[in-house]
Structures are given as C-alpha cells and as structure tokens.
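Here the structure comes first, spelled out in structure tokens, and everything after it is commentary.
The values are calculated or read from the model by the stated rules, or taken from the named source; none is laboratory data. Keep in mind that this is a model prediction, so the values were computed, not measured. So basically every Cβ, Gly included, is an ideal-geometry build from the backbone, and we count neighbours across all protein chains shown.
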C-alpha cells in the first residue's frame, strides 16, 4: 500500500478546505434533501485525493464552471483537489429525482451526466460567477423551482421508506423492510430500482454502516464485535469486509481520518 497522505489523518484536511450546508428554501422540500458547498485552497501544496463515500442520493453539482448530475455510486471514489476551487451541490431526497429525470433512476446509477443533457437551462454561468455559497443557493433555488415538476406521490413514499431504513437500525434485511411495508421483497426491489437507482439491500447496508462512521465521528470507543452483532452481521470480519467494500478503506484506517478525542 502506498504511503498515506498525512493530510488525511486527524482532520488535517480542514486546514485547506471548508464545508458548509446552506439551508434550501422550504418549498423545495418535496425534492431537495440538502445543499452543500466545499471550497479549498491548497496554495503550493500538491493535489489532494478527497475520498467520496457513496450515499443513496442523486447529486447536482456545480464544480468550477461546469454542472454535472451524479447518479448513485455503489462504491467509494476519489475527487482530486488541486490549487484553489469550489463546488456547490444539491442532494436530492432518495427517490425524488425520478420525477425530474422522467425515467428509471437506475439508468444513471454509477454515471456522471453533463447537467445540460437533462436540463438545458441549468444556470452554469450564473453559478460560476456567484460571489459566495449564499448567492449560489439563491440561484439554485430559482432554477429548481422552474425545473421541478409537481410532486410524485410514489417518490414521496419511497423517500419515506428510505427514511425508515435510516431511522430503524433493526432493519437489517430486505425481508425485514418488506414486512414493515406489508408487501413482497420483489416489489420493494422493483420500487428501489426505479426510484432510488440501487436496490434496498444496498441502501440498508449503507445506513447500517453509517452507524459505524457516526460513532467514529463522536470519537466513541467501539466494541467491534458487539457493533457487528447490533448491525446484523454474523461477526466482526463480515462487518469489516462490508465496510471496506463500501467505503474503500478498513474501519481502522478510516477512523484515523477523524481528530483524536
């Protein structure tokens, strides 16, 4: 394994990049989960490989004079940060990009699509010229109001189902979720493929693994064997394997990214 970039460790990345989360307008709540913005200035430092951990959300991002739609990615990846730059992003509620896309969200899973292919009027220039993330948020809100169709009841239902998975650690299998919804496993699988872009098994696993990173962020001492059992894994080895496959690093290597308690 290559020598580790020390800027990954102990929160050192915060010395050259900043993250913020402007609050989207309330009328966009049927579609938008949150806005996010990141800015970096590496000065004379070499480029930095930013680890991107996947989530079950479609993203519209505006990186340095461009606009891209990111389908759900099943595995982690890296974004190379160099020099000085910024990105503003819109994270859509799970399931709620389907009405904007007009087809199955699985058709863009794992893909990055130029936003102009889906939205000819996407405000690329205005976002690039905006002075700060507050102005970018205002521009994004105006665009989304013009682009978003009427809310789709099925999309709202799917968003609620994903929220249930996120909130209920006891849901560890697709069969558990189907039982809670009083439906069949195959029906849940079809619904997720159409509206979320990935299957319910992936979504369940992602939210159970988020409990691991949440505990890391709290600098909590972790009983790995006990946590594995709590999250529905047969043993710690299975948890470690799943975490590494999803996040791209082992739990102990990833934990080193957080500041020491």
Being out of contact with any helix residue (DSSP H, G or I) (no Cβ under 6 Å at 6 or more places or on another chain), buried (at least 17 other Cβ atoms within 10 Å of the Cβ), within 26 Å of residue 254 (Cβ to Cβ) and not assigned by TED's automatic domain parsing to the domain that holds residue 196 is true for just one of 70, 19. Which residue is that?
70
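Quick one: how many residues across the range 220-258 are more than 22 Å from the chain's Cα centre (by Cα) and either closer than 17 Å to residue 13 by Cβ or not in a helix (DSSP H, G or I) (or both)?
8
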Read through the list (1) in a helix (DSSP H, G or I); (2) in contact (Cβ under 8 Å) with a residue 40 or more places away in the chain; (3) not assigned by TED's automatic domain parsing to the domain that holds residue 111, then give the number of the only condition that residue 136 fails.
(3)
From (1) assigned to a helix (DSSP H, G or I); (2) buried (at least 16 other Cβ atoms within 10 Å of the Cβ), pick out the condition that doesn't hold for residue 197.
(1)
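Out of 80, 87, I need the residue that is closer than 18 Å to residue 141 by Cβ, modelled with pLDDT of 95 or more, in contact with a strand residue (DSSP E or B) (Cβ under 8 Å, 6 or more places away or on another chain) and in a strand (DSSP E or B). Which one? Outline the logic, then answer.
Numbers: 80 fails: closer than 18 Å to residue 141 by Cβ.
Being closer than 18 Å to residue 141 by Cβ, modelled with pLDDT of 95 or more, in contact with a strand residue (DSSP E or B) (Cβ under 8 Å, 6 or more places away or on another chain) and in a strand (DSSP E or B) holds for just one of 80, 87, which is 87.
Within the group 65, 102, 95, which residue is assigned by TED's automatic domain parsing to the domain that holds residue 15, modelled with pLDDT under 95, out of contact with any strand residue (DSSP E or B) (no Cβ under 9 Å at 6 or more places or on another chain) and at positive phi? Before the answer, list the steps.
Values: 102 fails: modelled with pLDDT under 95; 95 fails: modelled with pLDDT under 95.
Within the list 65, 102, 95, the selection yields 65.
Quick one: how many residues across the range 4-22 are in contact with a strand residue (DSSP E or B) (Cβ under 8 Å, 6 or more places away or on another chain) and either assigned to a strand (DSSP E or B) or touching a residue at least 24 places away in the same chain (Cβ under 8 Å) (or both)? Write out each step before concluding.
Going through the range 4-22, the residues in contact with a strand residue (DSSP E or B) (Cβ under 8 Å, 6 or more places away or on another chain) turn out to be 5, 7-8, 13, 16-22.
Checking the rest, the ones that are also either assigned to a strand (DSSP E or B) or touching a residue at least 24 places away in the same chain (Cβ under 8 Å) (or both) come to 5, 7-8, 13, 16-20, 22.
Of the residues in the range 4-22, 10 are in contact with a strand residue (DSSP E or B) (Cβ under 8 Å, 6 or more places away or on another chain) and either assigned to a strand (DSSP E or B) or touching a residue at least 24 places away in the same chain (Cβ under 8 Å) (or both).
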Does at least one position in the range 146-153 carry a residue that is loosely packed, with under 13 Cβ neighbours inside 10 Å and touching a helix residue (DSSP H, G or I) at 6+ places or on another chain (Cβ under 6 Å)?
yes
Going through the range 90-112 one residue at a time, which ones are surrounded by fewer than 16 Cβ atoms within 10 Å (Cβ to Cβ) and not in a loop (DSSP other than H, G, I, E, B)?
107, 112
